[in-house]
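In what follows, a structure is listed as structure tokens, so that the remarks can point back to it.
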Protein chains: 2
Amino acid sequence: MRARDLITDFPRVTPDTPVVEAARLLATHDLPGLIVVDEHGLPVSILPGTQVLRMAVPSYCLDDPALAGVIDEEHADAFLRTLAGQPVRDALPARPRELPVTDPDATVLEIAALMARTHSPLVAVVGDGRLLGAVTLKTLLNRALPQ
Amino acid sequence: MRARDLITDFPRVTPDTPVVEAARLLATHDLPGLIVVDEHGLPVSILPGTQVLRMAVPSYCLDDPALAGVIDEEHADAFLRTLAGQPVRDALPARPRELPVTDPDATVLEIAALMARTHSPLVAVVGDGRLLGAVTLKTLLNRALPQ
């Protein structure tokens, strides 16, 4: 069993996609993350869902979540509105990290090692210079767990 | 909107649950993680799915995923069998981390700050000395995103 046997189609966003739209995509399709592609359709980032929230949360709340408690309920409910107009570009990590990207020949163990190492439940598969799709933790477990 | 309004029921495992069973639960229900509870039913850990894989992947593959490529396909397919008999206890992080656990009064912003800070798409809600359920990133986005 190789990556090519485990690929599923996966929504793509670009650095210009509004974060609000990306967040809706995550929530509607219950995705473990998003693949951000460049102008050639190749992955530039795999964005975990929690990274989308990170953009909307004031930095003092990230340092100490208890401080979020000083914001009243009405304003707390509306915090995601601060994302309006912001592009995915602004949610990408400042420092480049090891991307969970592999090739169609990768074995189940290679994919698992990459997921475990990068803490990503989502691995993009690139072959012949293009993004073929993704392998999710769910698919990997469903196919590789002993029956 | 408070945590109590966003709670969904969520499967629980204990440190004694076999990891294979926990992994099946993750895959079957497409969960973002698992809540590990102690003998009083209170969360001792929130286990991300990739942490389950980490147990089964040989450590040299974690250091360098390319080394996983030296294992042939047949053995790679079977790597999750190494989990047989291992309990969830062995998959828990050695060093205790900040747990994504909150109370029923937490606002949407408090929950989001906790998710962003702990990189967890899953927050356990504890009230009156018991685990009431969890708030997932999916539920939070579905309810808090501007329409």
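The values are calculated or read from the model by the stated rules, or taken from the named source; none is laboratory data. Computed from a prediction, not measured in an experiment: that's the story for all the values here. Here the Cβ positions follow ideal geometry from the backbone for every residue, glycine too, while neighbour counts run over all protein chains shown. Note: accessible area is taken over every heavy atom of the protein model, side chains too, but ligands, DNA and RNA are not part of it. Shrake-Rupley method; radii C 1.70, N 1.55, O 1.52, S 1.80 Å.
Which count do you get for residues in the range B:95-147 that are over 23 Å from B:His40 (Cα atoms) and either of a type in the set (D, E, K, R) or part of a strand (DSSP E or B) (or both)?
5
Which ones in the range A:92-130 are over 14 Å from A:Leu6 (Cβ atoms) and open to solvent by less than 10 Å² (accessible area, probe 1.4 Å)?
A:Ala113, A:Ala116
Let me confirm something: among A:Val19, A:Val36, A:Val44, A:Val13, which residue is open to solvent by 50 Å² or more (accessible area, probe 1.4 Å), more than 9 Å from every other protein chain (Cβ to nearest Cβ) and closer than 13 Å to A:Ala91 by Cβ?
Unique residue meeting the criteria: A:Val44.
Any residue that is under 13 Å from the mean Cα position of the chain (by Cα), at the interface with chain A (Cβ under 8 Å from one of its Cβ atoms) and among the small types (Gly, Ala, Ser) - is there at least one of those in the range B:78-86?
No, because not a single residue in the range B:78-86 is under 13 Å from the mean Cα position of the chain (by Cα), at the interface with chain A (Cβ under 8 Å from one of its Cβ atoms) and among the small types (Gly, Ala, Ser).
With (1) in contact (Cβ under 8 Å) with a residue 40 or more places away in the chain; (2) closer than 23 Å to B:Thr17 by Cα as the list, and B:Arg97 as the residue in question, which single condition is left unmet?
Every listed condition holds for B:Arg97 apart from (1).
Consider B:Arg89 carefully, then state whether it is at the interface with chain A (Cβ under 7 Å from one of its Cβ atoms), open to solvent by 30 Å² or more (accessible area, probe 1.4 Å) and in contact with a Pro (Cβ under 6 Å, 6 or more places away or on another chain).
No; evaluated as a whole, the condition is false for this residue.
Any residue in the range B:122-147 that is more than 8 Å from chain A (Cβ to nearest Cβ) sitting within a Cβ distance under 7 Å of a residue that is among the aromatic types (Phe, Trp, Tyr) and part of a loop (DSSP other than H, G, I, E, B)? List the pairs, counting only those 6 or more apart or interchain.
B:Gly133/B:Phe10; B:Ala134/B:Phe10
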